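These notes concern the structure reproduced below.
The values are calculated or read from the model by the stated rules, or taken from the named source; none is laboratory data. Every value quoted in this text rests on a predicted model; they were computed, and no experiment measured them. Note that each Cβ is placed from the backbone with ideal geometry, even for glycine, and that neighbours are counted across all protein chains shown.
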Amino acid sequence: MNIDTGVLRSLIFIKERGTFLSAATELNRTQSALSQQMALFEEQLGKPLFIRKGRNKVLNDEGMRIYKIAKLIIQLTDEIKTSPAEI
């Protein structure tokens with residue numbers, strides 16, 4: 001299974017911004033597009049990542065586990081992008 005780093009970044013933004021709307025705004029996307037992206041990601045993984053709390057969705061235990069892994073992956077990919085080329 002290939003997982004796009006864009007999906008991981010979206011998950012991180014949702015967690016750290018607190019709402020899908022805040023994350024979508026910062027990512028210059030619609031809330032609907034972000035919700036659809038996360039629904040497809042959950043389908044790809046075969047498990048839910050969010051639970052509903054009032055009007056918002058928050059990460060469940062599995063979502064938090066994936067979030068922590070996503071943070072590491074994104075940190076490493078960002079490091080690759082910014083590392084100076086060595087000859």
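Numerical summary
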read-out: Residue check, residue 87 at pLDDT below 95 and farther than 14 Å from residue 7 by Cβ; value: yes
read-out: Index of the failed condition, residue 47 passing every other in (1) under 18 Å from residue 18 (Cβ atoms); (2) loosely packed, with under 13 Cβ neighbours inside 10 Å; (3) in contact with an Asp or Glu (Cβ under 8 Å, 6 or more places away or on another chain); value: (1)
read-out: Check on residue 74, in contact (Cβ under 8 Å) with a residue 60 or more places away in the chain, of a type in the set (Val, Ile, Thr) and under 23 Å from residue 21 (Cβ atoms); value: yes
